[in-house]
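Worksheet: one structure, shown below.
The values are calculated or read from the model by the stated rules, or taken from the named source; none is laboratory data. Since we're looking at a predicted model, the values are computed, not measured. Glycine gets a Cβ as well: all are built from the backbone with ideal geometry, and neighbour counts include every protein chain shown.
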Amino acid sequence: MSYLVLARKWRPKFFSEVSGQDHVVKPLQNSLNKDKVHHAFLFTGTRGVGKTTIARLLAKALNCENGVTSEPCGKCQPCTSIDDGNFIDLIEVDAASQRGIDDTRELLENSQYTPSTGRYKVYLIDEVHQLTKEAFNALLKTLEEPPPHMKFLLATTESEKIPITVLSRCLKFNLKKISEDTIQQRMIDICKKEKIKYEDNALGLISQASDGSMRDGLSLLDQALAYGDYNLTTEHIENMLGTIDINYSINLLVAIFNQDKEQLHEALKEVDELYPDYSLILNSMASLLQEIAFKQVTDKTDKTINLDIIESIAMNQEPDLIQLLYQIAITSKRDMEIAPSMKEGFRMSILRMFSFSINEEIAPIQTLEKKTVKIQKIENGSESQSKNNNNRQSETKPKATTHVMNSKTWPNRVNEMNINGTVRQLASHCSLESIKDQKLLLTIDTMHEHHLSTNRVDALKNYLISNYDSIKSVDIALKSNDGRTLAKKRSEANEEQKIMNQSRIKTDPNLQQYMELFDAKIDEES
């Protein structure tokens, strides 16, 4: 008696059995209920998520003897024939092997004939992206206006390779990866029906390794059953997948947090004796650190095992340290590729975590103090800002008084001023008109009048009076000519640089050679 693999034996026979693709199943059932089914569908997604399965279920629903229905009966001749793969009006085409224009023409020539036994003649083209350009072109007209008895169901893992002319003629459904919980629950149901003994954690490891593919998960389950003699234990699955017990990762993290050198040495020694894939251990540590960080922020965790250790670390370690160790774990995977060996690269990443944890004992306090100062500035607003500015200004005052202040040196003085943001913009567009009897008169061009807001003007006046003994009062007047300003000086410098660049373009032989070689042009405004 031939053995039927689990992925085929437990392929869904009804829409209600499809796992994790409700966003696709629901609109299909709605269109079937109203008997308004499009003539062409495109199902996309990674391997093993249900593209071909849903296409076959749609073919069953269209040809069920009970009529077009949102849930085929599964008992009539068309339904059972489709399940067995011998329904004459469901033509399944493998585009990987039948990709040429001759194959497509033969397919289309037969499409004109009405169904033999069913209600619709359904063409299911798998991996449709592998059709040639000529084959796609031959398919276009029929795909847009097929006979009323004909339906096209296309499936692909690489929809970006399909011509836009084909995409525009189909209803496109993107099937997503299936969650680990959904895959695990499906495997639990299968194990119960097959009367297989299992450990929840063992099935959890398989679902995690399946990477969102139900078929991959069931194939791994088949492999695990053979490996463990139909007894699914965590130890068997870890050995089969080449993973190690998560407790080894926990031991390493605990040694790091405790700053226990002996414990760290023993933990590394235990790991080395397993001859593991070191990148997988870093993955395991990164996952643990993510759960710890999640617990610190939300006070919740998705883990059901090792919950006590996650909660303990989350309560006793600083969030900044957890974030730092997580970053080290994921970036060290890249560094391990260029290390003398994977083992040495792994050990160096662990030692890096250990050394950073030593310094972290005082770092969180410093970080919090800095944040407190920043928050105080925000809460106190402009009054606090002005007070702090005055303190800094008084510190720099002796230095500022040594500079000569006149119309020629004004742009240089502005460049040296300890001011920021919009106040600096105002100063850079002002020119010094006169300074007499400790009264400073500044002018600004009328085109820059928008800089004269009360807050900016007051801030600039306060700065000048506080930092220059020769100034007791400041006035700013509008003038049609902006005179010598810092902004104008910079503009002139930019213009000079632009002229020099243009000159270089015309005289640089290397640049001219590149322009001729690539038929290129220089954007002179850049």
Report those helices (runs of 4 or more DSSP H) wholly inside the range 32-121 carrying at least 3 residues which are without any contact (Cβ under 8 Å) to a residue 24 or more places away in the chain and either in contact with a helix residue (DSSP H, G or I) (Cβ under 8 Å, 6 or more places away or on another chain) or within 22 Å of ILE162 (Cα to Cα) (or both).
101-111
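Every residue, every condition in (1) in the same structural domain as VAL18 (by TED's automatic domain parsing); (2) surrounded by fewer than 16 Cβ atoms within 10 Å (Cβ to Cβ); (3) farther than 27 Å from PRO27 by Cα, yes or no:
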{"position": "LYS60", "(1), (2), (3)": "yes, no, no"}
{"position": "GLY67", "(1), (2), (3)": "yes, yes, no"}
{"position": "GLU71", "(1), (2), (3)": "yes, no, no"}
{"position": "GLY74", "(1), (2), (3)": "yes, yes, no"}
{"position": "GLN130", "(1), (2), (3)": "yes, no, yes"}
{"position": "LYS151", "(1), (2), (3)": "yes, no, no"}
{"position": "THR165", "(1), (2), (3)": "yes, yes, no"}
Can you give me the ranges of the helices (runs of 4 or more DSSP H) entirely in the range 142-233 with at least 1 residues that are farther than 18 Å from LEU42 by Cα?
180-194, 200-209, 214-227
Condition broken by ARG215, with the remaining ones in (1) over 24 Å from ASP302 (Cα atoms); (2) crowded, with 19+ Cβ neighbours inside 10 Å; (3) in the same structural domain as LEU321 (by TED's automatic domain parsing) satisfied
(3)
As an exercise: evaluate ARG347 against (1) touching a residue at least 60 places away in the same chain (Cβ under 8 Å); (2) farther than 14 Å from MET285 by Cα and give the number of the one condition it does not meet.
(2)
Looking only at the range 447-479, filter to residues that are hydroxyl-bearing (Ser, Thr, Tyr) and part of a helix (DSSP H, G or I); which one of those is modelled with the lowest pLDDT?
THR454
Can we say ASP299 is within 28 Å of the chain's Cα centre (by Cα), charged (D, E, K, R) and surrounded by fewer than 17 Cβ atoms within 10 Å (Cβ to Cβ)?
yes
Which of the residues that make up the range 298-336 are of a type in the set (Val, Ile, Thr) and either at pLDDT below 90 or out of contact with any helix residue (DSSP H, G or I) (no Cβ under 9 Å at 6 or more places or on another chain) (or both)?
THR298, THR301, THR304, ILE305, ILE309, ILE310, ILE313
